[in-house]
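Participant: Below you will find the structure I want to go over with you.
The values are calculated or read from the model by the stated rules, or taken from the named source; none is laboratory data. Quick caveat: nothing in here was measured; it's all calculated off a predicted structure. Heads up, the Cβs are rebuilt from the backbone with ideal geometry, glycines too, and the neighbour counts pull from every protein chain shown.
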Amino acid sequence: MALIYSVTILILLAGAAFGWASRALGTIGVLAFALALWGALRGKLRGWGRALVTSLREHRKLWRSRRFWSRAGGTAALVAIGGLLVPWPITVQGAFTARPLLELLVSAPEGGVLAQVFVTEGERVPPGARLVLIRSFALERQAAVLQRIVDSLTAAEARARARGPTAEVRRREAERGAWAAEQDGVERRLAALALRAPVAGVVVTPRLEERVGRWMSAGEEVLRVLEPDSVELVVALERAGATLVRRGQVAALFARVGAGHSLEAHVTSVGAAVTEQGLVEARIRVAIKVAGLRPGVTGEAKIVVRQSNVWGALAWAVRKRIRSDLLL
């Protein structure tokens, strides 16, 4: 038992070292690991080789017997047929990050002072709900001046009408209509400063109330609202086989949440944008209630690109290790 335990520990350590070397250095790392392993076990390998040669010499009659080779051939044939019949998926893997599916930036349409805040971080808001109020004193003064002008022109038009339908009435009416249209435009700009939620969502901007009294420039972000019910997993695919990923393929996901959380989903879209970790991004939409995920969670994804058998999967793994660029 002690021997089995020691051998198991050594195999696990060797596997971990091999995985790190292959991920960090690629083919060079695999070769370096093989050379280091050869250097460490060279003496034992030679001893095992001599023992094997001695065993072959001692059992020469057994190796030359037809019965032995018929059994070995039958076993090899069974293994080969079994490898062809046993299904095995060919997968492409990569790390993913959960992002909000829809995150909207609510910006200031005009420059002004943030006067009031009606929501807090984490609050769920319906479409059209009041979020903040921005005051533009210049627009307010302009609206007041235009209101006085329109009122004055309205009174002048009324006096002209009292004298009868003349050209002055038409002139006063046209003049009042032009100023009223300009007033309406300013009033619309003022109404737009009362920012409302464009969609149902959750406010995610922290400490929004601390911004009251701050000047907001036109186009500056005031707050953010995200859709709370779904997240999008952005998978940065590895080079090998990345272009074989298609919409609708099954993906096995392992999220680093607590002790770990696994689930299955389908690829919703594939983008050819270059990323830091891979050449292709796959996007997977999942419901938060089902997956238990939240924006910012990371994990690993394995996407099944096609079904094969044991030998096909083995050949794929070898080719992926040696020349991943050939599998793009």
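Participant: Go through (1) in contact with a helix residue (DSSP H, G or I) (Cβ under 9 Å, 6 or more places away or on another chain); (2) closer than 30 Å to residue 96 by Cβ for residue 204 and report which single condition fails.
Facilitator: (1)
Participant: Of the conditions (1) surrounded by 12 or more Cβ atoms within 10 Å (Cβ to Cβ); (2) of a type outside the set (Phe, Trp, Tyr); (3) at pLDDT below 85, residue 165 satisfies every one except a single condition; which number is it?
Facilitator: Failed condition: (1).
Participant: Can you pull out the residues in region 81-102 that are modelled with pLDDT under 80, of a type outside the set (A, V, I, L, M, F, W, C) and either at positive phi or not in a strand (DSSP E or B) (or both)?
Facilitator: 83
Participant: Among the candidates 124, 99, 176, single out the residue that is touching a residue at least 12 places away in the same chain (Cβ under 8 Å) and touching a helix residue (DSSP H, G or I) at 6+ places or on another chain (Cβ under 8 Å).
Facilitator: Testing whether each residue is touching a residue at least 12 places away in the same chain (Cβ under 8 Å) and touching a helix residue (DSSP H, G or I) at 6+ places or on another chain (Cβ under 8 Å) leaves just 176.
Participant: Turning to a different aspect of this structure: Every residue in region 133-186 that is within 30 Å of residue 214 (Cβ to Cβ) and among the basic types (Lys, Arg), please.
Facilitator: Within region 133-186, 135, 141 meet the criteria.
Participant: Sticking with this structure for a sec: Within region 205-225, can you find the residues that are part of a strand (DSSP E or B) and either buried (at least 19 other Cβ atoms within 10 Å of the Cβ) or more than 29 Å from the chain's Cα centre (by Cα) (or both)?
Facilitator: If the condition is that a residue be part of a strand (DSSP E or B) and either buried (at least 19 other Cβ atoms within 10 Å of the Cβ) or more than 29 Å from the chain's Cα centre (by Cα) (or both), then 215, 216, 222, 223, 225 are the ones that fit.
Participant: Here's something else I'd like to know. How about region 192-204: which of its residues are part of a loop (DSSP other than H, G, I, E, B) and surrounded by fewer than 20 Cβ atoms within 10 Å (Cβ to Cβ)?
Facilitator: Across region 192-204, the qualifying residues are 198, 199, 200, 204.
Participant: Could you count how many residues in region 98-143 are of a type in the set (D, E, K, R), out of contact with any Leu (no Cβ under 6 Å at 6 or more places or on another chain) and closer than 30 Å to residue 269 by Cα?
Facilitator: 2
Participant: Pairs only if they're at least six apart or on different chains, beta carbon under 9 angstrom, first in region 221-232 and within 16 Å of residue 198 (Cα to Cα), second in a strand (DSSP E or B) and basic (Lys, Arg); list them, first residue then second.
Facilitator: So the pair list comes out as 228/124.
Participant: Residue 95 is checked against (1) in the same structural domain as residue 263 (by TED's automatic domain parsing); (2) in contact with a Leu (Cβ under 8 Å, 6 or more places away or on another chain); (3) within 30 Å of residue 205 (Cα to Cα) and fails just one. What number does that condition carry?
Facilitator: For residue 95, the exception is condition (2).
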